[in-house]
1. Excluding Ile277 itself, calculate the net charge of residues whose Cβ lies under 15 Å from the Cβ of Ile277, where each Lys or Arg counts +1 and each Asp or Glu counts -1.
2. Dipole of the stretch 183-249, Cα-centred, from +1 at each Lys and Arg C-beta and -1 at each Asp and Glu C-beta, to the nearest 20 debye?
3. In nanometres, what is the gap between the two model label sites at Ala22 and Arg338, each 7 Å from Cα along Cα-to-Cβ?
4. At a 1.4 Å probe, what is the % contribution of carbon and sulfur to the accessible area of the stretch 1-124?
5. Assuming a ≥ b ≥ c are the square roots of the Cα gyration tensor eigenvalues, decide whether the stretch 17-93 counts as rounded (a/c under 1.5), prolate (otherwise, with a/b larger than b/c) or oblate.
6. Taking a quarter of the surface of the Cα convex hull of the stretch 1-144, what do you get in nm²?
7. From the residues Val64, Ala202, Ala77, which one has its Cα farthest along the dipole of the chain in the positive direction, the dipole being from +1 and -1 charges on Cβ of Lys/Arg and Asp/Glu about the Cα centre?
8. Tell me, which cysteines of the chain are without a disulfide-compatible partner by the Cβ under 4.7 Å rule?
Amino acid sequence: MKYLEEFRNPELAEGLLADIRATVTRPWALMEVCGGQTHSIIRHGIDQLLPDEVELIHGPGCPVCVTPLEVIDRALAIAARPEVVFCSFGDMLRVPGTDRDLFRVRGEGGDVRVVYSPLDALRIARENPDREVVFFGIGFETTAPPNAMAVHLAKKQGLRNFSMLVSHVRVPPAIEAIMASPDCRVQGFLAAGHVCSVMGTAEYPALAERHRVPIVVTGFEPLDILEGIRRTVRQLERGEHTVDNAYARAVRPEGNPAARAMLEDVFEVTDSSWRGIGVIPQSGWRLARRYREHDAEHRFDVAGIRTREPARCRAGEVLQGLLKPHQCEAFGTVCTPRTPLGATMVSSEGACAAYYLYRRLSTPGPAQEASPVG
């Protein structure tokens with residue numbers, strides 16, 4: 001298949017669904033890791049098309065959603081400084097901190113700018129040598145390479161007024177933490193295809209073997225997701241637990257060697273806090289010591305930050321797959337995209353945002369009442 005619409009073909013989708021129905025004999029709980037996959041699943045009603053035996057659990061794969069509250073509050077404090085031009089992707093502007101967001105900071109006079117690439121922030125730094133330009137670098141392994149490149153270029157070009165506030169996290173340690181939880185019900189994973197296109201698949205076989213769970217590298221279109229589910233269910237029914245690449249058109253076992261080399265040069269692995277989850281060992285990246293001069297966390301002394309999560313927000317349980325968004329009492333009432341309690345309601349990859357956008361306001365109906373993907 002060559003074209004996007006081919007991956008949304010309803011006849012092919014029905015064929016994959018028929019195979020899944022013919023294969024499954026008992027209940028299975030699968031987790032899609034990526035928030036982009038969650039949005040595709042909810043948008044196309046894939047979870048409602050599956051047989052009742054197959055449950056999809058939404059994972060913590062929304063980078064905006066897991067950015068720690070203390071990092072958000074630190075970003076807000078830096079962005080409010082008069083000497084700072086604070087650059088960020090648009091997703092972050094509505095993410096609530098303890099008592100405000102970046103939109104509020106901009107409304108109060110802060111120079112907060114939406115950019116589409118970290119290279120835009122480098123350009124702004126070159127054009128404004130008398131200002132401190134800070135880029136908010138967040139995300140999983142997918143967005144880390146261009147952010148690493150920006151820091152590498154800043155050092156190479158001598159842009160001393162450019163720095164990055166880093167909150168990058170890694171997927172494999174998160175899978176490890178999920179499986180180690182006593183509340184875990186996950187029996188198989190749909191791994192994020194774009195992450196594996198960068199990092200490859202080498203870290204996953206040990207996870208699959210240690211926890212005896214199949215891990216299937218999966219894409220984002222409806223047929224990609226159904227194929228990932230089909231392969232995962234087939235392994236579970238056979239008692240297998242291997243890593244399977246169902247996204248071979250984009251993912252190679254070695255990933256992207258050039259991107260990985262850039263990551264190894266600019267970043268170093270560290271323990272990281274995930275919003276709503278807690279600290280996961282070796283799950284994050286920070287700037288390596290030789291790039292410390294471009295680390296906004298060290299450049300700006302932001303002291304006295306005291307964070308406070310809204311008491312009614314249950315985004316942490318959503319991110320851990322313990323709760324579906326519509327099961328939260330605040331969902332769609334107190335918490336909406338205009339008045340979000342947590343990041344999962346405003347991020348374009350947040351599970352709560354997907355449920356709200358596609359009007360999934362109650363428990364999904366039986367699979368037999370749904371219609372094939374269109």
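The values are calculated or read from the model by the stated rules, or taken from the named source; none is laboratory data. None of the values given here were measured: they were computed from a predicted structure. Neighbour counts run over all protein chains shown; Cβ positions are idealised from the backbone, glycine included. Heavy atoms of the whole protein, side chains included, go into the accessibility calculation; ligands, DNA and RNA do not. Shrake-Rupley method; radii C 1.70, N 1.55, O 1.52, S 1.80 Å.
1. Combined, the nearby Lys, Arg, Asp and Glu give -3.
2. 140
3. The modelled label-to-label distance comes out at 5.0 nm.
4. The computed percentage sits at 50.
5. prolate
6. Computing the convex hull of the Cα atoms and averaging its projections yields 12.0 nm².
7. In the chain, that residue is Ala77.
8. Lacking a cysteine Cβ partner under 4.7 Å: Cys34, Cys87, Cys184, Cys196, Cys313, Cys328, Cys335, Cys352.
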